[in-house]
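Engineer: A single structure is presented below for examination.
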Amino acid sequence: MAMIPTARAAATPLRRPIPKTGELLHAVGLGTWQTFDVGGDAAGRAAAREVLARFVAAGGQMVDSSPMYGSSESVVGDLAAALGVGKSLFLATKVWTTGREAGMRQMEESMRRMRTPMPGPRAMDLMQVHNLTDVHTQLKTLREWKEQGRIRYLGVTHYHEGAYAELERLIKSEKLDFAQFNYNLMHPEAEARLLPVCAQYQTAVIVNRPFEEGGLFRMVKGRELPRWAAEFDCTSWARFFLKFILSHPAVTCAIPATRNPDYLVDNMGAALGRLPDAAMRRRMVQHMRNL
């Protein structure tokens, strides 16, 4: 596996290649769990619209959703269409049910909601099996759909380190394009085996729960950012947490979720400037352990 890079300067946002194709993705994406589940609420939609607009203006690409996330898929599709930004996005969602026919129906509905109709010129960029639900049945369908051009990439997801062993088996046996799982300063366990396996098998990595559902912010509440964070161009705790994740070379994209436009801009800034090197990463881990 590649070594952790030394601290780097960047005038443009960090973009990482999808290993199996070389296609480049902005390293900070946008999650939609809870934050985009606003239904028809006018204020909620207005905030989500501003977040999506700023996301695209900053060069963001990946927007990740799921039928599990209430109205989020529909809100993403509606807002992307209203803003006219659908073609610039890398849209990802999931299948979260059992059975082949049920999975196909659910995926067709997700594509309708996100405005990636099937068949049509705009295929879904990434379809994932959510939390490994009926994973082998759904992966078989995903392979067929990829061959037919209905989706561009396929993958699997989970949110908890208890699933790492099964994720590792699937990465080794199923030739996945993407694997999505949790990884952050509170739970860095993926570094032990899962991230190296993804690198070895050329599987792109999407990191969910980058802030541990707010747990990391609660740990540092009322505390000042360490002065040495400036050594990797870090000016906020959000960027501190995200730059730790992005500095691992196996990570393709992290997907923090927010409906606050200012938070969105702060998150996107993690892809700018230098990243911590191996020694600095160790210092970051130790700093959090000492809190």
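Every residue, every condition in (1) surrounded by fewer than 23 Cβ atoms within 10 Å (Cβ to Cβ); (2) among the aliphatic types (A, V, I, L, M); (3) touching a strand residue (DSSP E or B) at 6+ places or on another chain (Cβ under 6 Å); (4) closer than 29 Å to SER66 by Cβ, yes or no:
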site	(1), (2), (3), (4)
GLY214	yes, no, no, yes
MET219	yes, yes, no, yes
SER236	yes, no, no, yes
PHE241	no, no, no, yes
ILE255	yes, yes, yes, yes
ASP277	yes, no, no, no
VAL285	yes, yes, no, no
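Engineer: Next question. Looking at MET111 and the list (1) hydrophobic (A, V, I, L, M, F, W, C); (2) surrounded by 22 or more Cβ atoms within 10 Å (Cβ to Cβ); (3) within 22 Å of HIS26 (Cβ to Cβ); (4) free of Cβ contacts under 8 Å to residues at least 40 places away in the same chain, which single condition is not satisfied?
Structural biologist: Among (1) hydrophobic (A, V, I, L, M, F, W, C); (2) surrounded by 22 or more Cβ atoms within 10 Å (Cβ to Cβ); (3) within 22 Å of HIS26 (Cβ to Cβ); (4) free of Cβ contacts under 8 Å to residues at least 40 places away in the same chain, the lone unmet condition for MET111 is (3).
Engineer: Of all residues in the stretch 141-182, which are in contact (Cβ under 8 Å) with a residue 12 or more places away in the chain, touching a Pro at 6+ places or on another chain (Cβ under 9 Å) and surrounded by fewer than 20 Cβ atoms within 10 Å (Cβ to Cβ)?
Structural biologist: Correct list: GLY149 only.
Engineer: Go through the residues of the stretch 254-275 one by one and say whether even a single one is β-branched (Val, Ile, Thr), touching a residue at least 24 places away in the same chain (Cβ under 8 Å) and part of a loop (DSSP other than H, G, I, E, B). Explain how you work it out, then say what you get.
Structural biologist: The initial filter retains those residues of the stretch 254-275 that are β-branched (Val, Ile, Thr), namely 255, 258, 265.
When the remaining residues are screened for being touching a residue at least 24 places away in the same chain (Cβ under 8 Å), the result is 255, 258, 265.
Of the ones still in play, those that are also part of a loop (DSSP other than H, G, I, E, B) are 255, 258.
Checked the stretch 254-275: at least one residue is β-branched (Val, Ile, Thr), touching a residue at least 24 places away in the same chain (Cβ under 8 Å) and part of a loop (DSSP other than H, G, I, E, B).
Engineer: While we're here: Which members of the stretch 197-207 meet the condition of being in a helix (DSSP H, G or I), of a type outside the set (Gly, Ala, Ser) and either buried (at least 16 other Cβ atoms within 10 Å of the Cβ) or without any contact (Cβ under 8 Å) to a residue 40 or more places away in the chain (or both)?
Structural biologist: Of the stretch 197-207, the ones in a helix (DSSP H, G or I) are 197-200.
Narrowing further to those that are of a type outside the set (Gly, Ala, Ser): 197-198, 200.
VAL197, CYS198 - these are the residues of the stretch 197-207 that are in a helix (DSSP H, G or I), of a type outside the set (Gly, Ala, Ser) and either buried (at least 16 other Cβ atoms within 10 Å of the Cβ) or without any contact (Cβ under 8 Å) to a residue 40 or more places away in the chain (or both).
Engineer: Within the bounds of the stretch 208-216, is there any residue that is under 21 Å from GLU73 (Cβ atoms), of a type in the set (Lys, Arg) and either assigned to a loop (DSSP other than H, G, I, E, B) or in contact with an Asp or Glu (Cβ under 9 Å, 6 or more places away or on another chain) (or both)?
Structural biologist: yes
Engineer: Within the stretch 68-91, can one find any residue that is within 20 Å of ALA238 (Cα to Cα) and polar (S, T, N, Q)? Outline the logic, then answer.
Structural biologist: The initial filter retains those residues of the stretch 68-91 that are within 20 Å of ALA238 (Cα to Cα), namely none.
Within the stretch 68-91, none of the residues are within 20 Å of ALA238 (Cα to Cα) and polar (S, T, N, Q).
Engineer: Residues of the stretch 217-249 being assigned to a helix (DSSP H, G or I) and over 17 Å from GLY269 (Cβ atoms), which ones? Walk me through how you get there before you give the answer.
Structural biologist: If we filter the stretch 217-249 for residues that are assigned to a helix (DSSP H, G or I), which is where we start, we get 217-219, 227-232, 237-246.
Selection gives ARG218, MET219, ARG227, TRP228.
Engineer: From GLN138, GLN128, which residue is in contact (Cβ under 8 Å) with a residue 12 or more places away in the chain, part of a helix (DSSP H, G or I) and within 30 Å of ALA190 (Cα to Cα)?
Structural biologist: Testing whether each residue is in contact (Cβ under 8 Å) with a residue 12 or more places away in the chain, part of a helix (DSSP H, G or I) and within 30 Å of ALA190 (Cα to Cα) leaves just GLN138.
Bear in mind these aren't lab numbers, they're just calculated from the coordinates by the rules spelled out. All figures in this text were calculated on a predicted structure; none of them were measured in a lab. Cβ sites come from the backbone with ideal geometry, for glycine too, and all protein chains shown count toward neighbours.
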